[in-house]
Structure formats: structure tokens, C-alpha cells
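Notes to accompany the following structure.
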Amino acid sequence: MSKEAVLSKVPAVTLGFWIIKILGTTLGETGGDTVTMTMNLGYLIGTAIFLTALVAFVALQIAVRKFHPLLYWATIVASTTAGTTMADFADRSLGIGYSGGSSVLLACVLVSLVVWYWSEGTVSVETVNKPKIEAFYWLTITFSQTLGTALGDWMADTSGLGYLGAAGVFGAGLVVLAIAYYGTNISRAALFWAAFILTRPLGATVGDFFDKPLSRGGLNLSRPLATAIIAVAMIACILLFPQRAGLHPRSDAPAA
């Protein structure tokens, strides 16, 4: 088997991966709100714009033969901005509310993972190097990004914790998952997806903290400015942190 055949088309899951992922989810929140609110294009038009970008990036991801860091992270940003606008459209324009949106989207994530596992026998991201598996991967990611937006808004607004309080809850959840990763034998794939989902509402609440009015507990920063600063920080991290493809497990390795 050649070297390329055993490499995933997504990055190895390292500390740098999670730092960039959190920046990407924060960027998705401020970027999505910039288009829908600051530019006043609305949730439906914003969703159409970002979904179009997401489909184009996913198509490129599937078409390329190996992992490309900038393309991968651009696709992540497209998914998180699309998730922001889709969740806001469902929660606010359709009127199903944060709790209703979170419940529906959680079901979508779980169904996607179950069908993926039923089809392939694993949901490990290390196996993402074939078009069918990539389709499952990006579908699950998009559902999780959308779920994270609804969950973050629900925790920050409905629960009364505020943006920093909600961010603290999600941050604590990630710490618990890290302890489980190093201290237990819980499925690594399950822990990955749990962490992937939790980083989205963490980024959403931090993003809202930056740009929401002072009267709502935010810093009232300009959304375009906050988006630009976070984008620069994310690009810097992509260039500074080692970016390598994750290794595909051997054919005789147990499914995760």
C-alpha cells in the first residue's frame, strides 16, 4: 500500500487542531452575523451564500487527492458560517426556538453518525480518504456546526448564564472530555465527535461576547473588525502549527 493510500484527507488531531478549530468556530459566528445582521442581508440569503460556498469547498475537498491545510480549514469555516446562518434561520425566522432547534439538530448529528457507522463500521476521522466517507464526514460536521450555534445561543440566552458563563460551561465540558481521553478507554471516535460538537457552541458564545451590545453582556465590538482579527489569528495558527494528514488505520486494526 502506498504512503498516500494510508493518509487521511483531514489533519491529525493535535492540540493545534483544536486551537484552530475553536478560532474557526468563533470566526463562523462573527462572520455569519456580519453578513446576516451588519450587512442586513437576512438569514435566508446568508444561508444561501454560505451553503453555496460550503458545497463548492466540499466538492474541492473530495476532488483533491491529499490533505491541503488551507483548503481543509476554509471548508471548516464555510461549514461553521453556514451553520450559524442556518441555525439562526431555523431558531428565529422559522420560530422553532433554541431548544427545538438544538433537539432537531442533535437528532440529525446522531442519525448521520449511525448511518455512517452502519455503512463503514467506523466513524473514525482517520479513515476519511474516500468520497463516500468524506461525504459522511462533511455532512456530520455541518450538522454539528449548526447544532453548536443553536446550543450556544440557547445556553447563553435562555439559561441566563450569559456569553462568558455559557463559554465557561462548554470549556469545562471540553476539559472533562480531555480527562476522559487520557484517563479512560472510551472510544476515541466518540470523544472526538463530542469534543468537535462542544467546540462549536464555545466559539459561538465567545464570538457573541465580542460583538453583542454592552446591554446584553457583550463587548460591542464591530463584527467586521472582530471577524478580521479572528481570521488573521486563525491563518497565523495554520501557518505556525504543524499541519499533517492523519494516518489511516491499518486494514487489520480494530474499528473505533
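Worth pointing out:
- Straight-distance crosslink candidates among lysines, where the alpha carbon sits under 21 Å from Lys66 and sequence neighbours closer than 8 are dropped: Lys3, Lys9, Lys21, Lys130, Lys132
- Dividing the summed -39500 (n - 2.57) terms of all DSSP H runs of n ≥ 4 by the residue count of the chain sets its mean residue ellipticity at 222 nm at -23500 deg cm²/dmol.
- Across every pair of non-identical alpha carbons in segment 4-241, the mean reciprocal distance, once inverted, gives a Kirkwood radius of 17.8 Å.
- Note on Trp116, Trp73: ascending count of other Cβ atoms within 10 Å places them as Trp116, Trp73, the fewest first.
- Taking the chain and dividing mean pair separation by its residue count, relative contact order in percent (alpha carbons under 8 Å, at least six apart): 32
- Remark on Leu7: its backbone amide H falls under 5 Å from those of His248, a criterion applied only to residues 5 or more positions apart or on other chains, H modelled at 1.01 Å from N.
- Couplings 3J(HN,Hα) for segment 84-95, derived from phi with the Karplus relation 6.51 cos²θ - 1.76 cosθ + 1.60 (θ = phi - 60°), are 4, 6, 5, 5, 5, 5, 5, 5, 9, 6, 7, x Hz, where x marks Gly and Pro.
The numbers here are math on the coordinates, done by the rules we state, and not lab data. Please read all numbers here as calculations on a predicted model, not as lab measurements. Virtual Cβ from ideal backbone geometry, glycine too; neighbours counted across all protein chains shown.
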